1. Quick one: which of 184-190, 216-222 comes out on top by average Cβ neighbours within 10 Å, and what's the full order, highest first?
2. Can you work out the Karplus-derived ³J(HN,Hα) for every residue in the stretch 156-167? Use 6.51 cos²θ - 1.76 cosθ + 1.60 with θ = phi - 60°, whole Hz, and x for glycine or proline.
3. Would you tally the net charge around Arg49, using a Cβ to Cβ cut-off of less than 15 Å, leaving Arg49 out, and scoring K and R as +1, D and E as -1?
4. Quick one: what are the phi-derived ³J(HN,Hα) couplings along the stretch 123-138, Karplus 6.51/-1.76/1.60 with θ = phi - 60°, whole Hz, x for glycine and proline?
5. Can you give the helix-only mean residue ellipticity at 222 nm for the chain, where every DSSP H stretch with n ≥ 4 adds -39500 (n - 2.57) and the sum goes over all residues, rounded to the nearest 500 deg cm²/dmol?
6. Once the other residues with Cβ under 12 Å from the Cβ of Gln8 are scored (Lys, Arg +1; Asp, Glu -1), what is the net sum?
7. Could you order peptides 8-14, 47-53, 165-171 by the average number of other Cβ atoms within 10 Å of their residues, highest first?
8. Rolling a 1.4 angstrom probe over the protein heavy atoms, how many square angstrom per residue are accessible across the chain?
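The values are calculated or read from the model by the stated rules, or taken from the named source; none is laboratory data. Here the structure is a predicted model, which is why all the values come from computation and not from measurement. With ideal geometry, Cβ positions are generated from the backbone for all residues, glycine too; neighbour counts draw on all protein chains shown. We work out accessible area using only protein heavy atoms, side chains counted, and drop any ligands, DNA or RNA first. Shrake-Rupley method; radii C 1.70, N 1.55, O 1.52, S 1.80 Å.
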Amino acid sequence: MTSLSGAQIIVGHRGASHDAPENTLASFELAWRQGADGIEGDFHLTKDRRLICVHDYDMKRVSGDPRKVVDLTFDEIRSLDVGKWKAPEFAGEHPPTLEEMLATVPAGGRAVVELKTGPEIVDPFLSELGDAGFAHDKLVVIAFNEATIAACKRRLPEVKCHWLTGIKKKQGAWTPTVGEVGESVRRASVDGVGFQGVPEVLDAGFLQEAGIREFHVWTIDDAADARYFRELGALGITTNRPAWLREQLEKTP
């Protein structure tokens with residue numbers, strides 16, 4: 001498995017989610033077949049405090065069940081079909097566990113685990129990670145919740161941990177500001193930031209002023225944007241289309 005250059009990697013966003021139902025074993029396995037260097041999956045905490053691989057806070061979009069993840073037990077969520085909404089051939093796919101996702105990672109691959117809740121998920125995550133026996137040098141943990149990612153970094157000092165932030169324009173100004181990003185990174189003592197890939201905002205000056213040592217970007221399905229962030233030095237480029245994006249990046253611009 002080859003990377004773009006140096007440490008840069010292509011990460012399948014919720015797997016190869018352009019072609020397969022997101023956050024399923026079918027999607028993760030397809031991402032590897034499409035030549036991804038890593039896969040990213042989202043994890044919530046169930047009513048009975050187990051991790052389950054789902055992006056949204058409820059199950060409506062991917063299963064038709066409107067109930068919230070936190071109100072359902074692990075067994076109840078596992079019984080839901082989260083594949084057939086994408087295409088009939090994916091019927092029978094169910095939300096995977098952390099261990100099942102990690103078990104798809106081949107030699108040389110990386111796993112990016114996004115924790116979607118507050119710090120209450122950290123202890124169950126560490127327990128399930130330990131049960132999986134997954135190599136820490138193949139893992140990146142990410143979260144939007146500052147307290148969650150700070151707790152992960154304290155408990156897993158040897159694992160790369162990135163705080164996540166979207167980038168939005170409000171009343172003519174981009175938010176968060178470079179100062180706000182820098183403060184969050186320092187408070188959480190994380191290794192870097194996962195940015196929503198907005199080229200109009202992210203440049204070398206922004207990264208330097210915020211004191212960011214490393215970063216990755218999501219979700220990049222545009223070849224020009226991917227080339228821009230490759231040149232900017234992104235550690236990872238997260239995409240719904242791993243095979244297509246690698247093909248585009250290997251072409252002469």
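1. 216-222, 184-190
2. 10, x, 8, 9, 5, 10, 10, 7, 9, 8, x, 10
3. Charge balance in the 15 Å sphere: -3.
4. 4, x, 4, 4, 5, 6, 5, x, 4, 6, x, 7, 5, 5, 6, 9
5. Roughly -9000 deg cm²/dmol at 222 nm, from the helical runs in the chain.
6. +1
7. 8-14, 47-53, 165-171
8. Value returned for the chain: 44 Å² of accessible area per residue.
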